[in-house]
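A quick write-up on the structure given underneath.
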Amino acid sequence: MADAALAPERVAARWAEVQERLAAALARTGRTDSVTVVAVTKGHPPAAVDAALALGLRDIGENRVQELEAKVAVAGRDRATWHLLGPLQRNKIRRALPLVDRFHALDSLRIAESLSTAAEMQGRRLPVLVEVNCSGEATKHGFRPDETLQVLARLVEFPGLAIEGLMTMAPWTDHEPTLRATFRCLRRLRDAAAARWPQVHHLSMGMSNDYPIAVEEGSTIVRLGTALFGERPT
Ligand SMILES: *Cc1c(COP(=O)(O)O)cnc(C)c1O
């Protein structure tokens, strides 16, 4: 049975609203650059990928390797730019690598080393974002803010990785000061990092709950699931 929440006109209406709110957030801060929207299809059937592609959204995000594989198999490897948003285990690296265009959740040097070696063997330099735990929540992945610059100094040396920026996940809250503090933490680290390594320029921050605030705080990549496709079926 077709999923009504994924009907093309429903997704198109949500996308129109997202574009409006993004434009308003950019305008409020006088930004003239643009923000990349990663359409997060995790938890939704492959029809979500089709709906996104039909609207011209090319960047598709998945959280888990197995679900990424399933979506790529249906949609086609070359029809989208595929983002892996969730943590990667070492035993899944070789399977995942050919399917991933950008990895958003690098959170350990051990993984970095394995990923770099595997990418080199496949003749690639994988675009990577380094995850930072700016909220301090124990349940969140990522490097601590106070270790991030030291870690970056090591990460930029890996020949199979292209370190393009930082990523964080804000706490699940509507408390604006908490959200802003989280995003500012990441931005400050990015500014400090970019002064030494200009390639570290992206800020992957902002999800359905908080993306206008993230954009006001400088986000260059937002990752949107619910805002585009509705609640995930559980
Ligand atoms: C699920 C997920 C998202 C999207 O979440 P929504 O709240 O549905 O927008 C973004 N980033 C990551 C890492 C996720 O796991």
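Every number in this text was worked out from the coordinates using simple rules, so none of it is lab data. Everything numeric here is computed off the predicted structure, so don't read it as measured data. Cβ: placed from backbone, ideal geometry, glycine included. Neighbour counts: every protein chain shown.
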Inset, instruction - Starting with the fewest neighbours, write out Thr36, Thr178 ranked by other beta-carbon atoms found within 10 Å of each beta-carbon. - result: Thr178, Thr36
Legend entry - Label-point separation, Arg125 to Trp172 (7 Å along Cα→Cβ), nm: 3.9
Legend entry - Per-pair calculated FRET efficiency, R0 = 25 Å: His201 and Glu137 via Cβ, rounded to 0.05: 0.45
Inset, instruction - For Ala54 and Glu9, calculate 0.36 nm times their separation in residues minus their Cα-Cα distance, and state this gained length in nm to one decimal. - result: 15.1 nm
Legend entry - Formal net charge of residues neighbouring Leu189 (Cβ-Cβ distance under 13 Å; K, R +1; D, E -1): +1
Legend entry - Distance between modelled label sites at Gln150 and Ala70, nm, 7 Å Cα→Cβ extension: 4.1
Legend entry - Nonlocal amide H pairs with Ala162, under 5 Å, H built at 1.01 Å: Leu126, Val128
Legend entry - DSSP-loop trypsin sites (Lys or Arg not before Pro) across region 1-103, with at most 16 other Cβ within 10 angstrom: Arg31, Arg58
Legend entry - Of the chymotrypsin sites (Phe, Trp or Tyr not before Pro) in region 143-234, those whose Cβ has at most 16 other Cβ within 10 Å and which sit in DSSP loop: Trp172
Inset, instruction - Evaluate E = 1/(1 + (r/R0)^6) for Thr32 and Ala194, where r is the Cβ-Cβ distance and R0 equals 22 Å; express this FRET efficiency to the nearest 0.05. - result: 0.75
Inset, instruction - Note the full-extension length gain between Glu157 and Asp101 as 0.36 nm times their separation in residues minus their Cα-Cα distance, in nm to one decimal. - result: 18.2 nm
Inset, instruction - Please go through region 159-234 and write out the GluC sites (Glu not before Pro) that DSSP classes as loop and that have at most 14 other C-beta atoms within 10 Å. - result: Glu231
Legend entry - Near-label residues of region 190-234 by backbone N, under 20 Å of a point 7 Å along Cα→Cβ of Glu20: 207-216, 224-231
Legend entry - Local electrostatic count at Ala24 - Lys and Arg +1, Asp and Glu -1, tallied over other residues with Cβ under 13 Å: 0
Legend entry - Share of alpha-carbon pairs per 10 Å distance bin for the chain, given as whole %: 8, 33, 37, 20, 2, 0
Legend entry - Formal net charge of residues neighbouring Thr178 (Cβ-Cβ distance under 14 Å; K, R +1; D, E -1): -2
Inset, instruction - Would you mind classifying region 159-234 by shape? Square roots of the alpha carbon gyration tensor eigenvalues, ordered a ≥ b ≥ c; an a/c under 1.5 is rounded, otherwise it is prolate if a/b is larger than b/c and oblate if not. - result: oblate
